[in-house]
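J.: Please find one structure pasted underneath; my questions will follow.
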Amino acid sequence: MMHDFHLTRSHVVFMDLPVVFDPDRARQPGGGMPYAWDPRYGARLGVLHRDDPYGEVRWFAIDPCYVFHSLNAHDEQHPGGERIVLFVARYPHYGSEGGRSRAHATLWRWTRDLAAGTVTEEQLDDQPSPASYPGRTIGSPGSRPGTGTSPPPRFPVRPSTVAPCSATT
């Protein structure tokens, strides 16, 4: 399922993550959301050039996870070619069997090296932050602080405070 996507000056990045439609859940009366976590599906990021909307989408495998919201995305030039950097509020999984998830999202940086065909994943903070909001405009060069919600310990899935978060520190 894709809940969010990223725009940089040159690229659109799609997140194809392992939350899949479950027809059995959809048929159950009162079964809730008809989606289920399935890590066997895998997880990947698709990159499309904005100036070629009918072009090929390049797919890059990542560790299974779920992302509802992103903080920022931008392009970077380096001696070996071009990179795309994303900042996301990443959950280790979506939902749970038999009840509500106790997992928290934390701030991560994903760096896609387009020349090497690789993705580097790095957790930047261990503070829970299920929702994040950009601190700059879409596709801005570099990243500035943004804001995220932080749940209280007693209610691990209900946001209660808004806290600054920085992708640069």
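J.: For segment 1-90, give me every one of the strands (runs of 3 or more DSSP E) that falls completely inside it and has 3 or more residues that are in contact (Cβ under 8 Å) with a residue 12 or more places away in the chain and in contact with a His (Cβ under 6 Å, 6 or more places away or on another chain).
T.: 66-78
J.: Does segment 23-33 contain at least one residue that is in contact with a Cys (Cβ under 8 Å, 6 or more places away or on another chain) and modelled with pLDDT under 95?
T.: no
J.: Please find, within segment 24-81, the residue that is farthest from the chain's Cα centre (by Cα) out of those that are farther than 18 Å from residue 111 by Cβ and aliphatic (A, V, I, L, M).
T.: Out of the qualifying residues, it is 26.
The values are calculated or read from the model by the stated rules, or taken from the named source; none is laboratory data. Everything quoted here is computed from the prediction, not taken from an experiment. Cβ: placed from backbone, ideal geometry, glycine included. Neighbour counts: every protein chain shown.
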